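The values are calculated or read from the model by the stated rules, or taken from the named source; none is laboratory data. The structure presented is a predicted model; accordingly, all values stated were derived computationally and were not measured. Cβ placement follows ideal geometry from the backbone for every residue including glycine, while neighbour counts extend to all protein chains displayed.
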Amino acid sequence: MSDDKRFYLTTPIYYVNDAPHIGHAYTTLACDALARFMRLDGYDVFFLTGTDEHGQKVEKSAQAAGMDPQAFTDRVSENFRELAKAMNFSNDAFIRTTEPRHARASQAIWQALMDNGHIYLGSYSGWYAVRDEAFYDENEIAEGEDGIRRAPSGAEAEWVEEPSYFFDLSKWQDRLLAFYEANPDFIAPPSRRNEVVSFVKGGLKDLSISRTSFKWGVPVPDDADHIMYVWLDALTNYATAVDYPDTDSPDFSMYWPCDLHMVGKDILRFHAVYWPAFLMGAGIDPPKRIFAHGWWTNEGQKISKSIGNIIDPFEVIERYGLDQVRYFLLREVPFGNDGDFSHRAMVNRINGDLANDLGNLVQRVASMIQRYFDGTMPVHAGGHRDADHELLDAASGLLETCRDRMRAQAFHEALDAVWSVVRQANAYVDRQAPWASIKEDRVRTGAVLATLVQTIRRVAIVLQPFMPESAGRILDQLAVDPGRRTFANLGSADNVPVGTALPKPSPVFPRMQEETAGEASA
Ligand code: MSP
């Protein structure tokens, strides 16, 4: 395998203060679809997710639960593994920041920054928001009507005064700007890139990177009074997972620098400003790309615990079906934009795109083969007509289009390309009308159904990253050998052989009943 066929991608590591919600599921789902796509495309993929277990926020949640923080994080971290199972995520590893190897990596990066002269001891006085685990400037804090001072994110801010180590971020402005300039794809989408560039152009302040007022974190090397700022610890997970500080290890040599950190827009600054500066300061190559996606609202409303409208991923899977939810999340909203999770939109996607367009196509073709050809794959005899070529070419062209779109993390556009072939195939069925042609021209009817099988086979292979289980069932219906379902098998050499016995058709995407469709949201 050549070097360029390796791909390392990461999700943020999730705070274990809370149960997983749809936002967590979304970030990891996007990575999962991409990881599966790259694997099918012949890449050696390393897909990492995990949990962020240190810091004041987690410590407070443990206290509120009346538990020791380690026992608390052991328990809540498990919920994120459960989510990964429930969502059918294919992560290769799951990292926890409370693992001993991670303390070692965090201390090593600290030591490298210290040795390179980027850390000094001072004292911090300013605003801190525990919910964001972030420091804020005076001018960012506003007092609400309730008298509470809040950060722009809405998180409550408190005044902090304590001795602290600092990272010399103020000296990194030019290097960061030069880095963004030299690597135009480093931050995506472009609107986010512009935001980061103007933030950095506005000037950077040195960053407080240690705390003394609580204990739940990685100890600062040689100064037991301090623990590391949770974001320095957290970001380092991406390096820990590939064996940092053992930079000679096979994993580090193979996978670093990381190809993609997928993050929500709220945590872009940490990844696109602090993280490359920390890495360059420690003498490590920065990652290749950071993609910041948007946020979901629930029926038009901001999702928040206090409003009580958190979307529970386990519940929506139960209600709509796993692949239906996976499809909806990646199709409904242009990746990078904010989007609204509504029952109505979900039902429209399920009944329109899945049941009517794709489900019907598969069902119609499989049943006609059952009925007219005794359930065996017909031969494409009598020569290909233009209409057959057009459809087969469209299906063959899918991989290249999807590859481009997946590389740009334009998941919705990849799915859109697949659906344009699905719709083309439905139009072809309608025009060729095999139910009519079977009466006078059995040969032509066989050719039409064979064209459709080869089209559906390609569509389903390309859909596997998005809906692994359902795409697998479609391929099962076409009796496609499970060992011949990668992108290398998209060519006609792997067509379903004439005479193959196809199993009895069963619908892959049931329609949602109207009475359920009329209900208010979950
Ligand atoms: N622990 C940090 C990340 C450290 S990475 C080195 C963290 N954790 S988090 O659990 O609060 O959030 C994780 C992700 O969930 C973020 O990418 C965030 O954008 C995403 N989402 C949280 N709410 C969301 C929505 N309502 N919609 C979409 N994504 C959202 O931040």
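If the condition is being over 24 Å from Gln324 (Cα atoms), assigned to a strand (DSSP E or B) and either within 15 Å of the ligand (Cβ to nearest atom) or within 17 Å of the chain's Cα centre (by Cα) (or both), then the range 15-47 contributes Tyr15, Val45, Phe46. Among the residues of the range 401-436, those identified as surrounded by 18 or more Cβ atoms within 10 Å (Cβ to Cβ) and among the hydroxyl-bearing types (Ser, Thr, Tyr) are Thr401, Tyr428. Against the list (1) within 31 Å of the chain's Cα centre (by Cα); (2) in a strand (DSSP E or B), the condition Ala224 fails is (1).
From the list Leu40, Leu34, Leu29, the one residue that fits, being surrounded by 24 or more Cβ atoms within 10 Å (Cβ to Cβ) and touching a residue at least 60 places away in the same chain (Cβ under 8 Å), is Leu34. Could you please find all residues in the range 236-257 being of a type outside the set (A, V, I, L, M), part of a helix (DSSP H, G or I), closer than 13 Å to Tyr8 by Cα and away from the ligand (no atom under 14 Å from the Cβ)? Scanning the range 236-257 gives Asp251, Phe252, Ser253, Tyr255. A count restricted to the range 258-274 and to residues that are buried (at least 20 other Cβ atoms within 10 Å of the Cβ) and part of a strand (DSSP E or B) stands at 4.
Of the residues examined, Gly217 is one that is over 26 Å from the mean Cα position of the chain (by Cα) and modelled with pLDDT of 95 or more. Checking every residue in the range 343-363 against the condition of being assigned to a loop (DSSP other than H, G, I, E, B) and crowded, with 19+ Cβ neighbours inside 10 Å gives zero matches.
Quickly run through the range 292-338 and pick out the residues that are among the small types (Gly, Ala, Ser) and away from the ligand (no atom under 11 Å from the Cβ).
Gly300, Ser306, Gly308, Gly321, Gly336
Is it fair to say Pro12 is at pLDDT below 95, closer than 16 Å to Met87 by Cβ and either within 15 Å of the ligand (Cβ to nearest atom) or out of contact with any strand residue (DSSP E or B) (no Cβ under 8 Å at 6 or more places or on another chain) (or both)? No; evaluated as a whole, the condition is false for this residue. Would the range 219-233 turn up any residue that is away from the ligand (no atom under 14 Å from the Cβ), among the charged types (D, E, K, R) and buried (at least 19 other Cβ atoms within 10 Å of the Cβ)? Scanning the range 219-233, I find no residue that is away from the ligand (no atom under 14 Å from the Cβ), among the charged types (D, E, K, R) and buried (at least 19 other Cβ atoms within 10 Å of the Cβ), so the answer is no.
Right, His54: buried (at least 23 other Cβ atoms within 10 Å of the Cβ), in a helix (DSSP H, G or I), in the same structural domain as Trp231 (by TED's automatic domain parsing) and in contact with an Asp or Glu (Cβ under 8 Å, 6 or more places away or on another chain) or not? It is false that His54 is buried (at least 23 other Cβ atoms within 10 Å of the Cβ), in a helix (DSSP H, G or I), in the same structural domain as Trp231 (by TED's automatic domain parsing) and in contact with an Asp or Glu (Cβ under 8 Å, 6 or more places away or on another chain).
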